[in-house]
Amino acid sequence: MRRLLEFLVTKRHWFLFILLEVVCLVLIYQNSAYQRTVLISTTNVVTGNIASLVGNVSGYFNMRAINRELAEKNGELEMRLLQLQNEIRQLQAREVPFDGYADSARVFPYKFIMAQVKNNSVTQLSNYITINKGKKDGITPQMGVVSESGLVGVVSLVGDHFSVVLPVLNPKFRQSCKVLGRNYAGSLAWDGRNARYAQLMELPRHVEFQKGDTVVTSGYSAIFPAGIKVGTVSDYRREHDDNFYTLEIELSTNFQALDYVRVLMNEEQAEQWKLEKEALKNDK
Amino acid sequence: MINDFVRNLIYFILFVSIQVLFLNHIHFLRMATPFLYVYFFLKLPYGMSRSQMLFLSFITGLAIDAFTNTPGMHAAACTLAGFVREPLIRFLIGKDMPEGLYPSFRTFGYGSFFRYTFLIVAIHHLILFGIESLSLFDPLSLALRILGSMAVTILLVFAAEAFNLESQRSGEKQ
C-alpha cells in the first residue's frame, strides 16, 4: 500500500498531465458550432475588450463617424430593397392561382442592428469574427450577419456586450444558396484554402448558369431572407457522381477588411423553427 | 523565488499580449502564423516541479484559446509541450544542469538551444494543427501550414532570444 502511494506521489505529474489533456479534449469536443463556452472566448468582457483594441486601431480614425452613418444608411436602403422585393414576390404569387390567400398586411419580418467588427481572422482554418453587440442589444444565437457587400455569417455565441460570428470562412458554416434567377438551391461551404473563394456544392446539373453569374441566399432557412448577395461564379466542375455541379464562388464580402456589419433579426424565426420541429416530430 | 515569479509573470503577460494583439493577425502567404508565445515556456527555469510546469503551460494555452475562440486547442498543444520539456532538456544537455537555469543560447550553446526550440515548437505545432484539422482534413495544406508556421515561429524565437538582454546577463551569472 505504502509502495503504491509512493509510486502515485512520484508519478503525480503523469496523472496531472492526463487530467489536463482530458480537460482540453472535453473543451474541444463539448462545443458545437453554436454552443460554445462563453468563458473561454472573445465574448467575455475582458478578452473582448482587449481583442477590440486591435479593431480600434485598424479602423479609420477620422472617417469612423462618416463611415458608420453611410453604412447605416446603406443598410436601411438594402432592407427596404429586400422588403420591396418580397412584396413584389407576394403580389406576383397572389396574382396567379390562389387569389386572396396571401396576407397583404403582412410586414417584412427582418430588422437589423449595426455592429462593429472587433476581432477578425481570415486565414486560420476555423475563423471567427467578434462584434461589439451582445445580449443587451437584443442579439441571440443563429441570427444572420451581412455586410454592405454581402453575406458574412451566423451569430454563434452571445455574451452581454459581444458576440462571436461563425463566418462563411469556417468549415462548420453551411448555407443554402442559389444562382440568381434560377430556383435550385445548393449548399455553400468553405474548403479552408482561400479567403476570397467559397464553394457552392450539390447544385443539380440541369441548372443553367455561366461564369460571372451572381449567387444569392435562397431564403430556405429562417436565418437569411432570400436574395442576399453572396458572390459571383468564377469556376465550376462536376462532382464525382456526375449529377451535381460544384461551383467556385468569388465572395463579394471582403473578409480581410470588414468593419461595420448588420445583424439581421427575424421576428418569425422562432415560430418557423417551432413549426419545423413539430413537423419532424410528427414524422417519426 | 519571488524574483522568478515576477519574471515569469512579466514574460507571460508580454508574450501572450504580443501573440493576441499582433501575431494572431499575421498569416504569411496565407499559410504561416507565428506562435511566439511558446517562448514563454521555452524560457521557464529548468528544474521547476513538473506539476507546476504543466499548470503554467496549460494556462498559457487557455489564455491564447480565449482570444482565438478555440477552447482547448492551444491548451492541449501547450500541455503536451510543457510535459515533454524537462525530459527533453535532460536528453539534449545531459544531467549535469544546475537547477534554476534559464534556457538560452549561452547556457545551452547554440546547437542545443536550436534543437531544443525546434523539438518543442514541432511538438506544439503538430498537436495544434492536428487538432485543428479534425474539422477539415487537407493533408497538403496541413503539411505546408505546419512547416511554414514552424519556420516563422522558430525565426521569431531566435530573434527574441538575440534581443533578450536578460538571457545574456543570466548566462554570465550562471
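Taken together, the values in this text are just the output of simple stated rules run on the coordinates, not laboratory data. Quick caveat: nothing in here was measured; it's all calculated off a predicted structure. FYI the Cβ positions are ideal-geometry reconstructions off the backbone, even for glycines, and counts take in every protein chain you see.
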Ranking B:GLY94, B:ILE59, B:GLN19 by how far each Cα lies towards the positive end of the charge dipole of region B:2-173 (+1 on Lys and Arg Cβ, -1 on Asp and Glu Cβ), the top one is B:GLY94
Of B:ILE146, B:ILE26, B:ILE89, the most mobile residue in a GNM of chain B (C-alpha springs, cutoff 10 Å) is B:ILE26
Here the FRET efficiency for B:GLN52 versus B:LEU165, based on Cβ atoms and R0 = 25 Å and rounded to 0.05, is 0.45
Quick note on A:LYS136, A:LYS172, ordering by fewest other C-beta atoms within 10 Å, gives A:LYS136, A:LYS172
Taking the alpha-carbon centre of each part, the distance from region B:1-67 to region A:120-157 in Å is 28 Å
Connecting every pair of Cα atoms under 10 Å apart in chain A and solving the GNM, the largest mean-square fluctuation among A:GLN116, A:GLN175, A:GLN30 falls on A:GLN30
Each label sits 7 Å from Cα toward the beta-carbon; between A:ASP191 and B:PHE158 the label points are separated, in nm, by 3.5 nm
Expected max-MSF residue from B:LEU36, B:LEU62, B:LEU21 in the GNM of chain B (alpha carbon, under 10 Å) is B:LEU21
Once phi for every residue in region A:268-280 is put through the Karplus expression 6.51 cos²θ - 1.76 cosθ + 1.60 (θ = phi - 60°), the whole-Hz ³J(HN,Hα) values, with Gly and Pro written as x, are 9, 4, 4, 5, 4, 5, 4, 4, 5, 5, 4, 4, 5
Between A:ASP242 and A:ARG68, the two model label points (7 Å from Cα along the beta-carbon direction) sit apart by a distance in nm of 5.9 nm
Rounded to whole angstrom, the alpha-carbon centroid of region B:90-113 lies from that of region A:70-92 at a distance of 67 Å
Ignoring chymotrypsin sites (Phe, Trp or Tyr not before Pro) buried by more than 15 other Cβ within 10 Å or outside DSSP loops, the longest site-free run in chain B is B:23-136
Label model pair A:ALA93, A:ALA279: point-to-point distance (7 angstrom along the Cα→beta-carbon line) in nm is 1.2 nm
By the Cα gyration tensor axes a ≥ b ≥ c (a/c under 1.5 gives rounded; else a/b larger than b/c gives prolate, otherwise oblate), the shape of region A:196-269 is oblate
Quick calc, A:GLN210 & B:ILE26: beta-carbon distance into FRET formula, R0 51 Å, rounding 0.05, result 0.85
